[in-house]
Amino acid sequence: MTAPPAVPYAAPVNREDAIRRAGAGRRWRRTDWRADAVRALALATFTVLVTHIAGRRQPDRHELDALGFALLAAGPLALAVRRRWPAHVLLFAFATTLAYSLLRYPQGPIWLALIFALFNAVILGHRLLAWITVAAGYVSFLWLGYLVGTEPAPPTPAAAVGLAAWLLVLVTVAEIARTRGERAREIARVRAEETRRRASEERLRIARELHDVLAHNISLINVQAGVALHLMDEQPEQARTALTAIKQASKEALGELRSVLSVLRQVDEVPPRAPAPSAAHLESLVSRASAAGLEVRTEVEGTPRALPAGVDLAAFRIVQEALTNVARHAGPATATIRVRYGEGDLTVQVDDNGNGAGQGGTPGGGNGIPGMRERAAALGGELKAGPRPGGGFRVLARLPLDGDGATLEEGAS
């Protein structure tokens with residue numbers, strides 16, 4: 001069984017391009033455009049009504065006509081599509097507001113549409129355009145009316161400083177809003193990436209568990225089925241023993257498979273009926289291997305004690321996979337399991353004197369040994385597997401109990 005690949009994540013090359021695409025695409029699809037249209041219409045109505053009322057007390061200004069009302073309402077109405085075309089909306093609001101001001105129509109909340117368009121452009125990534133618009137607006141609204149003759153006097157120094165300060169505050173607030181928005185999106189992205197990473201690791205863990213459970217038990221069933229077929233006519237009693245071993249192996253395989261699938265179904269509320277796979281329960285592996293005709297000896301060094309759950313499970317699965325490889329590849333053989341409890345690590349070694357050199361480690365030979373290496377590496381340990389100098393095959397794993405890796409010695413036994 002092949003473990004599913006991890007889901008890769010590619011970070012955007014250009015942050016502002018990514019923000020602009022997010023604003024112009026996904027946000028537009030997520031947002032009800034009708035809500036934006038209603039807001040734009042409300043702003044346009046407010047701007048027109050308030051300016052019309054205020055214009056009655058501005059005798060030095062031209063009275064609002066059709067062109068004045070059109071310019072006054074055009075900028076706010078354009079905000080209906082501000083998410084889709086933020087740059088175009090900013091330029092349009094700037095042009096209509098400047099034209100309205102140059103024609104000396106009455107003053108009022110005529111700047112609201114331009115302010116909202118500026119904020120929108122900054123937040124959605126069009127920062128350069130926004131800063132250029134601010135600089136152009138500072139010069140145009142101060143001097144252009146005087147230069148074209150619509151304003152009778154040049155701006156005073158106080159007016160120039162006041163407008164500069166007001167624009168500086170405006171762009172500062174817009175940049176703060178943009179930064180906070182980027183930070184919120186980055187936090188959401190990191191959380192989503194962390195969720196994907198954990199889901200990927202969980203899929204790999206479950207796939208590894210399924211591989212170990214199925215490969216071990218099905219290999220024993222295959223061996224015993226061959227023995228039963230061979231002896232069914234000549235030695236029916238031994239065939240009966242093989243069939244009994246098949247029944248037991250299939251029962252245990254179904255039980256372990258059910259426990260793994262229960263994780264996927266999230267039925268952890270039901271307590272397990274059998275002890276979890278553990279280095280302290282290797283006798284079940286030994287008994288199944290013995291029933292398959294494999295002679296297995298077990299040696300324990302040090303004082304057995306409770307192990308971290310990850311180390312305990314990894315040790316059990318490594319021994320299980322090693323015995324599976326012996327049964328499948330070694331031919332008639334004797335296997336020796338050595339478990340050594342060290343102060344800071346657990347060493348697991350499985351030797352056999354068979355004639356199978358590959359043991360699942362050749363190219364295309366399966367996922368047995370790579371899976372064992374992955375288990376050891378996930379705990380910061382190391383695993384070596386290869387032919388023994390005197391014949392046979394050896395699997396040697398050292399699993400640190402504190403998460404720190406250790407280097408295996410060639411002569412460990």
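Output the Cα-based Rg and Dmax of the stretch 45-125 in Å, rounding Rg to one decimal and Dmax to a whole number.
Answer for the stretch 45-125, Rg first and Dmax second: 12.8, 42 Å.
With only Lys, Arg, Asp and Glu charged, each at its Cβ (+1 for the first two, -1 for the last two), find how big the charge dipole of the stretch 57-125 is about the Cα centre; round to the nearest 20 debye. List each step's numbers first, then the result.
Values: 6 positive and 3 negative charges, 51 e Å.
The dipole magnitude comes to about 240 debye.
I'd like the accessible area for GLU295, computed on protein heavy atoms only with a 1.4 Å probe and all protein chains in place. Round to 10 Å², please.
Roughly 100 Å² of GLU295 is accessible to a 1.4 Å probe.
Which order do you get for ASP352, ASP312, ASP402 if you rank them by accessible area with a 1.4 Å probe, largest at the top? Walk me through the numbers on the way to the answer.
Details: ASP352 5, ASP312 30, ASP402 105 Å².
Descending accessible area places them as ASP402, ASP312, ASP352.
Work out Dmax and Rg for the stretch 94-190 from the C-alpha atoms and quote the Rg first, both in angstrom.
15.8, 57
Tell me, what ³J(HN,Hα) does each residue in the stretch 188-205 have, in order and in whole Hz, if you take phi through Karplus 6.51 cos²θ - 1.76 cosθ + 1.60 with θ = phi - 60° and put x for Gly and Pro?
Using θ = phi - 60°, the values come out as 5, 5, 5, 5, 5, 5, 5, 5, 5, 5, 5, 5, 5, 4, 5, 4, 5, 5 Hz.
Whose amide H sits under 5 Å from the amide H of THR298, counting only residues 5 or more places off or on another chain, with H placed in the peptide plane?
Here ILE337 satisfy the definition.
Go through PHE141, PHE46 and list them by solvent-accessible area, largest first, probe radius 1.4 Å. Present the calculation step by step, with values, prior to reporting the outcome.
Numbers: PHE141 50, PHE46 105 Å².
From most accessible down to least: PHE46, PHE141.
Could you give the length gained by full extension between SER200 and SER278, i.e. 0.36 nm per residue of separation minus their alpha carbon distance, to one decimal place?
Details: separation 78, 0.36 × 78 = 28.08 nm, distance 2.45 nm.
Result: 25.6 nm gained on full extension.
Sorting ILE115, ILE110 by accessible area (1.4 Å probe), largest first, what list results? Present the calculation step by step, with values, prior to reporting the outcome.
On the way: ILE115 35, ILE110 15 Å².
Result, largest first: ILE115, ILE110.
The values are calculated or read from the model by the stated rules, or taken from the named source; none is laboratory data. Every value quoted in this text rests on a predicted model; they were computed, and no experiment measured them. As a convention, Cβ positions derive from the backbone with ideal geometry for all residues, glycine included, and neighbour counts pool all protein chains shown. Note: accessible area is taken over every heavy atom of the protein model, side chains too, but ligands, DNA and RNA are not part of it. Shrake-Rupley method; radii C 1.70, N 1.55, O 1.52, S 1.80 Å.
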